[in-house]
1. Can THR35 be described as in contact with a strand residue (DSSP E or B) (Cβ under 7 Å, 6 or more places away or on another chain) and at pLDDT 90 or above?
2. Would you call SER168 small (Gly, Ala, Ser) and either crowded, with 18+ Cβ neighbours inside 10 Å or more than 20 Å from the chain's Cα centre (by Cα) (or both)?
3. Give me the pairs: first residue in the range 49-66 and outside the structural domain of ARG32 (by TED's automatic domain parsing), second residue surrounded by 21 or more Cβ atoms within 10 Å (Cβ to Cβ), beta-carbon distance under 6 Å, and six or more apart or on different chains, which are they?
4. What's the number of the only condition in (1) assigned to a loop (DSSP other than H, G, I, E, B); (2) modelled with pLDDT of 90 or more that ARG6 fails to meet?
5. Could you check the range 86-204 for helices (runs of 4 or more DSSP H) lying wholly inside it with 3 or more residues that are in contact with an Asp or Glu (Cβ under 9 Å, 6 or more places away or on another chain) and assigned by TED's automatic domain parsing to the domain that holds LEU268?
6. For the range 410-426, check the following and say yes or no: at least one residue is more than 30 Å from ASN285 (Cα to Cα), out of contact with any Leu (no Cβ under 8 Å at 6 or more places or on another chain) and of a type in the set (Asp, Glu).
7. Considering only residues that are in a strand (DSSP E or B) and hydrophobic (A, V, I, L, M, F, W, C), look in the range 244-260 and name the one that is nearest to the chain's Cα centre (by Cα).
8. Taking only the range 272-326 into account, find how many residues are within 30 Å of ALA364 (Cα to Cα), among the basic types (Lys, Arg) and more than 13 Å from the chain's Cα centre (by Cα).
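The values are calculated or read from the model by the stated rules, or taken from the named source; none is laboratory data. Just so we're clear, the structure is a prediction, and the values are computed from it rather than from any experiment. Every residue, glycine among them, receives a Cβ derived from its backbone with ideal geometry; neighbour counts consider all protein chains shown.
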Amino acid sequence: MMKRKRILAMILAVASCLSLAVGASAANTTTRKATDFKDYDAKAWYAEAVSAAVDNGLLYGKSATVIDPNGDMTRAEMAAIINRSFGCYKTADISQYKDVSKSKWYYKDVALAVQMGTYNGRSSSTMAPDAPISRQEAMTVVARALELDYDSFSKTDLSAFSDRSEISNWALPYVRAMVGADYIHGRGKVLAPLDNITRAEFAQIFYNIIGTYIVSKGTYDKDIKGSVLIRTDDVELKNLTVDGDLIIGCGAADGKITLDNVTVKGRLLVWGGGTKAVYCNAGTNMPAVVVARVDDAVKVIYDRDSTLAVIDTIKVRITERAKQHKETEVIFYDVSGLREAQKQLNAIVADNQIDITAPAHLYALVGESSVKAEFRNNSKGDTYKVEIRRNKDNALIADAFELAAGKSISSLTLLEAPEFGNVDCTVTITAFRDGKQIGSMRTELVLHTAYLWPKEVQ
């Protein structure tokens with residue numbers, strides 16, 4: 001029995017999704033349960049997956065009483081479900097496929113699938129939309145939709161499957177990726193790549209990867225278990241963690257997606273969002289971003305705080321088809337400005353003849369009161385008193401301290417464990433010689449707080 005894995009999120013169907021049923025409407029299938037179908041076996045290996053597929057609108061049944069879990073799924077049916085899961089809306093010219101009639105219900109879905117790149121046809125002139133889809137074809141389609149990095153799975157061990165030699169060469173990278181990502185577990189000790197995939201098996205694949213989907217505009221601020229797919233524009237995720245991948249579907253079109261203080265433990269996969277941009281603001285971070293939009297340009301922009309959090313660790317990949325749109329790019333805030341600010345501070349110190357090494361920026365971790373902070377008294381005989389206060393209320397962020405000539409500190413203990421964000425502060429340095437005040441200076445300091453910092457600022 002295949003195990004449920006919540007790794008990547010996909011929206012599998014909506015109320016308007018193509019019905020695979022005969023005589024069943026979207027209106028009455030959305031409230032149906034798997035137990036409404038006479039051929040559904042609650043004790044079968046597929047029970048949980050098929051039940052979830054019905055609940056999510058993935059399977060409607062072939063009639064009011066038949067779900068046909070062991071029946072074959074056609075290529076056209078799978079194309080329709082993938083298209084609607086990502087909100088695909090732009091079609092390709094498919095006139096080369098002579099077996100796809102404009103009069104058929106699936107004509108547009110085939111055109112959508114070809115545009116997205118999930119379907120290539122069985123030959124240069126045939127698509128075989130009515131034919132059952134094989135298991136290796138199904139794995140290929142899903143792997144393309146998820147833009148799995150086939151190179152990273154090139155060494156996936158398939159030795160546990162006795163029929164691995166039956167996998168077609170063209171399908172092998174996709175099969176390795178699906179097995180390596182733990183989305184496919186096989187039929188016991190076989191993969192059966194050439195067999196047709198059943199409706200129950202297809203439901204199980206998606207059950208292995210389904211998480212959460214967002215289809216309504218607005219702001220979302222609750223942590224998301226598993227993964228999430230955004231299928232509309234004007235969506236803001238704020239102050240939350242996504243346990244899996246975050247997928248921005250084609251349905252986001254040219255609209256704006258904003259990630260504000262969002263931690264993505266998996267990948268950011270971008271199929272939609274235009275030059276209005278996918279904005280990664282205020283400490284948003286993830287280990288990888290993949291830009292896959294094929295129909296138009298898209299920009300992924302990281303602001304200063306997010307850049308500092310990911311720049312040394314993030315893996316960026318723009319697919320070859322996405323690169324065809326010259327305006328498509330991933331933009332990171334230029335951290336050189338932070339280094340320039342330090343230079344300016346050093347100049348201010350020199351001009352005031354107070355010889356101290358002091359930072360222009362402090363980098364803290366959320367909830368941790370200890371912060372690295374190098375202050376060094378470079379004078380030969382003066383004592384410096386240092387105070388750091390928040391600009392908004394003039395409150396000390398740490399106890400004031402003194403540095404004798406030649407002495408230094410390497411860290412501060414903040415009076416309050418910081419929350420995420422930036423705090424503008426003023427540093428006041430007062431110089432004493434032989435117990436008498438001889439001068440003072442003020443300079444600006446920013447306390448940056450994030451969940452993770454790269455080596456550059458640690």
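1. Numbers: in contact with a strand residue (DSSP E or B) (Cβ under 7 Å, 6 or more places away or on another chain): no; at pLDDT 90 or above: yes.
The answer is no for THR35.
2. Taking the combined requirement at face value, the residue satisfies it.
3. none
4. Here ARG6 clears every test but (2).
5. Answer list for the range 86-204: none.
6. No: zero hits.
7. For the range 244-260, the residue satisfying everything is LEU246.
8. Final tally of qualifying residues: 2.
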